[in-house]
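Have a look at the structure below, then the notes.
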Amino acid sequence: MSSANSPISPLRSDLDTYDDKNSDTESDTSTLEWDHEPFSTFQSRVHEFAHKSIWPETDPQHIIVERLRGGGFNRIIGLTRLNSDEDNSLETRYILRIPRLDSTQVENDVAALRFLERHTGIRVPKVITYDDTAHNGLESPFSVLTRIDGSDLCSSFPNFDHPTKKKVAHELGNIFRQMLATQSRTSGTLTILKGHGTTDTATYVRPFGCEDSRLSVLYSNSPNTEILLEQLKNNFQAQKAASPESILRRQFMDRFCTMAIELSQGGWFDDVPNCLTHFDFAPRNILVNPTTNSRNPVITAVLDWDNAGFAPMFMACTPPLWIWGWLDDEDEDERTANEEPATPEARELKRLFEEAAGEGYMRFSYQPAYRLARRLVQFAIDGRIRSNEDMNEADEMLQEWETIK
């Protein structure tokens, strides 16, 4: 697992990072790159917003606005209300997230975090407030989340002792088990409906690739009624129709349809429910805070649920090979995920994770057909064959399928 050294972070992922030492540089760079209002002037508006909208009863001098380092999709600002003897209030810390480009990130992330809080035991930041419009003091969509202490697992895991790694393996397996057990009648992205107000806590599922929230359906955990093969064929045919000028792209869509048909004929799509899927369950999106108290969990939160949704169960079963096969300078090769680990310690980590993750994970994780099916469905969800890299990846997948079908 390729990783870089990172400082302890209250809320970090590949998109939302925090680094006191680099915050000035990062903020100046993002101001230029994203044409944002400079923090030096924006800070006062954020402070006024925090006082009026979050802590109206608090002395403004007890509200601190911090410049944090954001990422490619969100501007990140820290909000702190200091403890006060006057009203016996305790220090409270939040994160303000402002999308750089796509305002739908707010509704997707809020929907996912609220859903997880109500339907699972997975630890995630709590939504304090949000606005999916620009009709507010910030003049932008935003969300305010609780700020969680911890460091990212990507920088921490290689330095853990074996007992701590064992706890991480077991806890991650339990998170996988919970995601697989959280199922939906329909597939798609978790979202909320615009115009229903921030007090509406209902969760909706919007079809993948669809921007029209009116096509969203209310979440239901009743049995899946969708036919995966038909969904994939319809998706690829729609992508083909949208690219009349690209002969090569149209050929890929035909080949994708053929692969989907062959997977279905082989029984690989039989009895596959839709379950909760993160789509980027990587160490950089997991916060940890090791403790000497064995009753306290090591994992404090799983972050970056902006693209979460419900997908065929094998999509949530990508093996976290880094747990038992960590590589410092390169990404692990999923094709080797079920090979016997080289050391007794690594074998123990793999066993602990698999036992905690359960039978559903074992069914869908290691079979080459499901590994390739994950890539095929991801092409359908992303709707992408836009570059030579995409074409090379697609061709590699299709060629491997020809050798194993």
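The values are calculated or read from the model by the stated rules, or taken from the named source; none is laboratory data. All figures in this text were calculated on a predicted structure; none of them were measured in a lab. Every residue, glycine among them, receives a Cβ derived from its backbone with ideal geometry; neighbour counts consider all protein chains shown.
Checking the condition under 18 Å from Trp305 (Cα atoms), aliphatic (A, V, I, L, M) and surrounded by 14 or more Cβ atoms within 10 Å (Cβ to Cβ), which residue from Leu276, Leu263 passes? Full working, then the answer.
Numbers: Leu263 fails: under 18 Å from Trp305 (Cα atoms).
Only one candidate passes the filter, namely Leu276.
So is Asp254 closer than 23 Å to Asp390 by Cβ, among the acidic types (Asp, Glu) and modelled with pLDDT under 95 or not? Outline the logic, then answer.
Working: closer than 23 Å to Asp390 by Cβ: yes; among the acidic types (Asp, Glu): yes; modelled with pLDDT under 95: no.
It is false that Asp254 is closer than 23 Å to Asp390 by Cβ, among the acidic types (Asp, Glu) and modelled with pLDDT under 95.
Taking the options Thr191, Thr164, name whichever one is in contact (Cβ under 8 Å) with a residue 24 or more places away in the chain and in contact with a Lys or Arg (Cβ under 6 Å, 6 or more places away or on another chain).
Numbers: Thr164 fails: in contact with a Lys or Arg (Cβ under 6 Å, 6 or more places away or on another chain).
Of the residues listed, the single one that is in contact (Cβ under 8 Å) with a residue 24 or more places away in the chain and in contact with a Lys or Arg (Cβ under 6 Å, 6 or more places away or on another chain) is Thr191.
Taking the stretch 226-242, which residues are in contact (Cβ under 8 Å) with a residue 24 or more places away in the chain and among the polar types (S, T, N, Q)? Correct list: Gln231, Asn235, Gln239. Given the criteria closer than 28 Å to Ala202 by Cβ, without any contact (Cβ under 8 Å) to a residue 24 or more places away in the chain and not assigned by TED's automatic domain parsing to the domain that holds Val168, does Glu107 qualify? Against the criterion (closer than 28 Å to Ala202 by Cβ, without any contact (Cβ under 8 Å) to a residue 24 or more places away in the chain and not assigned by TED's automatic domain parsing to the domain that holds Val168), Glu107 does not qualify.
Residues that are among the hydrophobic types (A, V, I, L, M, F, W, C) and surrounded by 17 or more Cβ atoms within 10 Å (Cβ to Cβ): find the strands (runs of 3 or more DSSP E) completely inside the stretch 285-364 holding 3 or more of those.
On the way: elements: 286-288, 299-302, 309-312.
Answer list for the stretch 285-364: 286-288, 299-302.
Filtered by the rule that a residue be among the aromatic types (Phe, Trp, Tyr) and within 16 Å of Phe176 (Cβ to Cβ), the stretch 297-352 gives Trp305, Phe310, Phe314, Trp322, Trp324.
Just to be sure before I move on: is Arg97 of a type outside the set (Ser, Thr, Tyr) and buried (at least 20 other Cβ atoms within 10 Å of the Cβ) in the structure I sent? Show your work before the answer.
Numbers: of a type outside the set (Ser, Thr, Tyr): yes; buried (at least 20 other Cβ atoms within 10 Å of the Cβ): yes.
For Arg97, the condition - of a type outside the set (Ser, Thr, Tyr) and buried (at least 20 other Cβ atoms within 10 Å of the Cβ) - is met.
Out of the residues in the stretch 365-374 meeting the condition of being part of a helix (DSSP H, G or I) and not small (Gly, Ala, Ser), tell me which one is farthest from the chain's Cα centre (by Cα). Break it down stepwise before answering.
First pass over the stretch 365-374, keeping only residues part of a helix (DSSP H, G or I): 368-374.
Those left that are additionally not small (Gly, Ala, Ser): 368, 370-372, 374.
Details: Pro368: 24, Tyr370: 21, Arg371: 19, Leu372: 21, Arg374: 16 Å.
So, considering only residues that are part of a helix (DSSP H, G or I) and not small (Gly, Ala, Ser), the one farthest from the chain's Cα centre (by Cα) is Pro368.
Can you name every residue in the stretch 76-121 that is of a type in the set (Val, Ile, Thr), closer than 15 Å to Ile192 by Cα and modelled with pLDDT of 80 or more?
First, the residues of the stretch 76-121 that are of a type in the set (Val, Ile, Thr): 76-77, 80, 92, 95, 98, 104, 106, 110, 120.
This time we only want the ones that are closer than 15 Å to Ile192 by Cα, so: 104, 106, 110.
Those that are of a type in the set (Val, Ile, Thr), closer than 15 Å to Ile192 by Cα and modelled with pLDDT of 80 or more: Val106, Val110.
Of the conditions (1) closer than 20 Å to Asn285 by Cβ; (2) buried (at least 18 other Cβ atoms within 10 Å of the Cβ); (3) not assigned by TED's automatic domain parsing to the domain that holds Ile227, Leu172 satisfies every one except a single condition; which number is it? Looking at each condition in turn, Leu172 falls short on (3). Scanning the stretch 217-248 for residues that are among the β-branched types (Val, Ile, Thr) and surrounded by 14 or more Cβ atoms within 10 Å (Cβ to Cβ) yields no hits at all.
Within the stretch 229-239, is even one residue assigned to a helix (DSSP H, G or I) and under 30 Å from Glu117 (Cβ atoms)? For the stretch 229-239, residues assigned to a helix (DSSP H, G or I) and under 30 Å from Glu117 (Cβ atoms): present.
Taking the stretch 380-391 as the range and being assigned to a helix (DSSP H, G or I) and over 13 Å from Gln231 (Cβ atoms) as the test, the residues that pass are Asp382, Asn388, Glu389, Asp390, Met391.
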